[in-house]
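All remarks here apply to the structure that follows.
The values are calculated or read from the model by the stated rules, or taken from the named source; none is laboratory data. Please read these numbers as outputs of a predicted model, since none were measured by experiment. Glycine gets a Cβ as well: all are built from the backbone with ideal geometry, and neighbour counts include every protein chain shown.
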Amino acid sequence: RTATLHILDRSSEITAIVAGSDLLAFGALQALRERNLRCPSDVSVTGYNNIPFGDLVSPGLTTVSVRHDELGREAGQMLLGAIEGDKGVRTVVLPTELVIRSSTAPAKY
């Protein structure tokens, strides 16, 4: 919410917000309401995680879905490796899916 308010104070040309998590996206939606901006008519908002109940807020939150069980398993394996002395850096790319709901609209040019 605070970051979105700061961004809105700096520019009136914002048309979309991509938040790092669904909870941050909820804060962005709150800030838009405080400024009497409509989502998605004025500003589109997208989150990440596809947390439960994201489809129950108004507007329904567009989000990037990742399988939490796979994410947890990979994080656990990395943590165990670090505990066992593995100092290597490993990159893991997990499959994601864009879940389109009503918080996004086509870009306005």
Does region 34-42 include one or more residues that are closer than 25 Å to Leu5 by Cβ, of a type in the set (Ser, Thr, Tyr), touching a residue at least 24 places away in the same chain (Cβ under 8 Å) and not in a loop (DSSP other than H, G, I, E, B)? no
Members of region 99-109 that are in a loop (DSSP other than H, G, I, E, B) and in contact with a strand residue (DSSP E or B) (Cβ under 6 Å, 6 or more places away or on another chain): Ile100, Arg101, Ser103, Thr104, Ala105
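For (1) in contact with a His (Cβ under 7 Å, 6 or more places away or on another chain); (2) in a helix (DSSP H, G or I); (3) of a type outside the set (Val, Ile, Thr), each residue gets a yes or a no:
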{"site": "Val57", "(1), (2), (3)": "no, no, no"}
{"site": "Gly72", "(1), (2), (3)": "no, yes, yes"}
{"site": "Gly88", "(1), (2), (3)": "no, no, yes"}
{"site": "Val92", "(1), (2), (3)": "no, no, no"}
{"site": "Glu97", "(1), (2), (3)": "no, no, yes"}
So which residues in region 8-21 are at pLDDT below 95 and aliphatic (A, V, I, L, M)? Ile14
In region 63-97, residue nearest to Ala19 (Cα to Cα) [restricted to those that are surrounded by fewer than 13 Cβ atoms within 10 Å (Cβ to Cβ) and in contact with a strand residue (DSSP E or B) (Cβ under 6 Å, 6 or more places away or on another chain)]: Glu97
Please name all residue pairs, on different chains or six or more residues apart, with Cβ atoms under 7 Å, provided the first residue is in region 11-30 and is more than 16 Å from Thr104 (Cβ to Cβ) and the second residue is among the β-branched types (Val, Ile, Thr) and buried (at least 19 other Cβ atoms within 10 Å of the Cβ). Gly27/Thr4
